[in-house]
Amino acid sequence: MADPPPQLYAKHLLPLGHGYPLWTPEPSHELLLRRQDGLRIGDVGVIDLENGSFDVFFNICLPREHPLHRVTGVPDNFVPIQLNEWDIATFPHAEYPGRVISTSSVTARSIEPSGEATSRWVTSPFG
């Protein structure tokens, strides 16, 4: 039996080393009801292998009383961590809109228009 699409997707892209490829990367409706900005650094949860999404339990950077934690709570003796600006690295040239990340069996091609485009109208006696 073939792997379900979310698992097949992850199996082929995970070896490329860009993190865990989520079939459904957008935040769930339930998460957006609790927090409007979706996923954030510090979110702790599990990858739902059935639909390829990430389910958030809590966030290690938010206080115990944060509304996000009302549903699943936080571990006993939970103490949030404080991140500093140097704890977060960004690589603006590594990822960009339109970048293709694929297995080696896929070839990406770009088509650039050249020349002049013209259009002609064809009229019909029938309207």
- Query: Does the range 72-102 hold any residues that are part of a loop (DSSP other than H, G, I, E, B), of a type in the set (A, V, I, L, M, F, W, C) and free of Cβ contacts under 8 Å to residues at least 40 places away in the same chain, and which are they?
  - Reply: VAL74, PHE78, VAL79, ILE81, ALA89, PHE91, ALA94, VAL100
- Cβ-Cβ below 6 Å, separation at least six or inter-chain, first residue in the range 27-45 and at negative phi, second modelled with pLDDT under 75 and surrounded by 12 or more Cβ atoms within 10 Å (Cβ to Cβ): which pairs? PRO27/GLY38
- Note on the structure: Per the filter on the range 1-47, residues acidic (Asp, Glu) and within 30 Å of PRO80 (Cα to Cα) are GLU26, GLU30, ASP37, ASP43
- Note on the structure: Taking the range 70-114 and the residues there that are under 25 Å from TYR9 (Cα atoms) and basic (Lys, Arg), the one that is surrounded by the fewest Cβ atoms within 10 Å (Cβ to Cβ) would be ARG109
- Pick from the range 18-62, criterion open to solvent by less than 70 Å² (accessible area, probe 1.4 Å), among the β-branched types (Val, Ile, Thr) and assigned to a loop (DSSP other than H, G, I, E, B), ranking: modelled with the lowest pLDDT: THR24
- Going through (1) assigned to a loop (DSSP other than H, G, I, E, B); (2) out of contact with any Pro (no Cβ under 7 Å at 6 or more places or on another chain) one by one, PRO15 fails only at (1)
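The values are calculated or read from the model by the stated rules, or taken from the named source; none is laboratory data. Worth saying up front: this structure is predicted, and the values here are computed from it rather than measured. Counting neighbours? That spans all protein chains shown, and the Cβs are built from the backbone with ideal geometry, glycine included. In case anyone asks, the SASA skips ligands and DNA or RNA and just uses the protein heavy atoms, side chains included. Shrake-Rupley method; radii C 1.70, N 1.55, O 1.52, S 1.80 Å.
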